[in-house]
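Right, one structure below, let's go through it.
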Amino acid sequence: MQIKDFIKKFDTQNQFKVLKESYKQASDAWNSKIDLIQLKKEKFTSIIFCGLGGSAISGDLLCDYLSGELSVPFNVVRGYNLPSYVNENTLVIISSYSGNTEETISCFEQALKKNSKIIVITSGGKIDEIAALNKITIVKIQAGFQPRYALGLSFFSLLKIMQQLGIASEENNVKKIIDLWKKKGEEYSSDHNQAVQIAGEIIGFIPVIYSAEFLASTGYRLKCQINENSKIHAFNHSLPEMNHNEIIGWESFKEKQFNTKVIFLTDKEYHSQIKIRFDTLKEILTEQKLEVLTLSSNKENKKVRIMDLIFLSDWISFYASVLRGFDPSEIDFIHRMKMRLV
């Protein structure tokens, strides 16, 4: 079978088209009009980003994307409760693609009680209703996608908020990223591309992903996309922390017990000591008879390189799914969990 045959057979909701046209999501989100004039006058002591799953990764990604630039503490909350320090001087960003994420609703209600400044990013649902009732600023994004396939909408909406608040200035970088995603969408939708090749290499193995610094969220994104899209267990850690604990686990590695391949996400702007750590780790893993795949971007701009690898990660997980004979849209166990919580 050709790759197009696998897509036709297993991609029931045409996520192939969604991925290929991700640049349109980014463009739509960035060009949307958001009125934050009143909030721009405020001075926030901190920013809390509340979300789960595909609605949360944008917060992690923003921290890496703007690493070294954020002048206000920015934290991501994946759960039911806000930190105790949240108050009327905190900006709380409520992110739920569906608008019905129960953990995020809980945080939203707490933010209202604490009189925090609030912005909502959603396509509808209960969160949209609560926001409208309380006259909270709503950044409405297009409905009809699965949250993890709507990163273009969620991330660039968040980045636009940061720009509107005067926290970032990203017009030029965003244009480069949109152009890159459009070009890469054509490349990754062709036969025998890099994403297909890497997907083929990880089939039959449990990927262990190592990244560092400003690619930490990219490593986590790849892990989660492999989990949800490819239906494969995958594990993720970052350097240098991994060198202080997990590295020892490889001393007793036995292939029959753990059939794995290691994926490195590397970058030319990593700290010099981080580069040495990756080189040394590769030596150790190779001695233990482990195969290491290395992913990196050759783009000049660090921010563009981050989004380049994010996009590649999404395509790898998509192709790994269809090549294994799984539907990249199906998330039955997540639905089963949610039904028990009603």
Practice prompt. Treating cross-link reach as a plain straight distance, find the aspartates and glutamates whose alpha-carbon is under 20 Å from the alpha-carbon of residue 302, omitting any fewer than eight places away in the same chain.
Written response: 60, 64, 69, 170, 171, 179, 213, 267, 269, 314
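So what is the relative contact order for the stretch 1-105, in percent, with contacts set as C-alpha pairs under 8 Å and at least six apart? Before the final figure, lay out the partial values.
On the way: 90 pairs, mean separation 32.2, N = 105.
Over the stretch 1-105, the number comes to 31 percent.
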Worksheet item: Let a ≥ b ≥ c be the square roots of the eigenvalues of the Cα gyration tensor of the stretch 122-186; is it rounded (a/c under 1.5), or, if not, prolate (a/b larger than b/c) or oblate?
Response: oblate
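How much FRET efficiency would the formula 1/(1 + (r/R0)^6) give for residue 194 and residue 88, where r is the Cβ-Cβ distance and R0 is 41 Å, rounded to 0.05?
Working: r = 49 Å, r/R0 = 1.19.
Once the sixth-power term is evaluated, E becomes 0.25.
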Item to complete: Straight distance only, please: which lysines reach the Cα of residue 223 with their own Cα at less than 16 Å, same-chain residues fewer than 8 apart left out?
Response: 231, 261
Worksheet item: In degrees between 0 and 90, to the nearest 10, how far off the longest principal axis of the chain does helix 216-228 point, with axes built from Cα atoms?
Response: 80 degrees
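Suppose the chain between residue 182 and residue 275 were pulled fully straight at 0.36 nm per residue; how much longer would it get relative to their current alpha carbon spacing?
Full extension from residue 182 to residue 275 adds 30.4 nm.
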Discussion item. Can you show me the helix-derived [θ] at 222 nm for the chain, built from DSSP H runs with n ≥ 4 at -39,500 (n - 2.57) apiece and divided by the number of residues, rounded to the nearest 500.
Written reply: -14500 deg cm²/dmol
Practice prompt. Determine the distance separating the Cα centre of the stretch 76-153 from the Cα centre of the stretch 1-69; give it in Å without decimals.
Written response: 15 Å
Fill in: Packing-based ranking, highest mean first, of 245-253, 195-203 given that Cβ atoms within 10 Å are counted
195-203, 245-253
Practice prompt. Working from Cα positions, state the angle (0 to 90°, nearest 10) between the long axis of helix 302-323 and the longest principal axis of the chain.
Written response: 60 degrees
Item to complete: Would you work out what percent of the accessible area of the stretch 13-99, with all protein chains in place, is carbon or sulfur (probe 1.4 Å)?
Response: 49 percent
Discussion item. Could you report the chain's accessible area per residue, 1.4 Å probe, as an integer in Å²?
Written reply: 48 Å²
Worksheet, complete the sentence: Taking a crude spin-label model, label points 7 Å out from Cα along the C-beta direction, the residue 14 to residue 341 distance in nm is 3.1 nm
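The values are calculated or read from the model by the stated rules, or taken from the named source; none is laboratory data. Note that this is a predicted model, so its numbers are computed, not measured. Cβ: placed from backbone, ideal geometry, glycine included. Neighbour counts: every protein chain shown. Areas reflect the complete protein model, heavy atoms only, side chains present, ligands, DNA and RNA absent. Shrake-Rupley method; radii C 1.70, N 1.55, O 1.52, S 1.80 Å.
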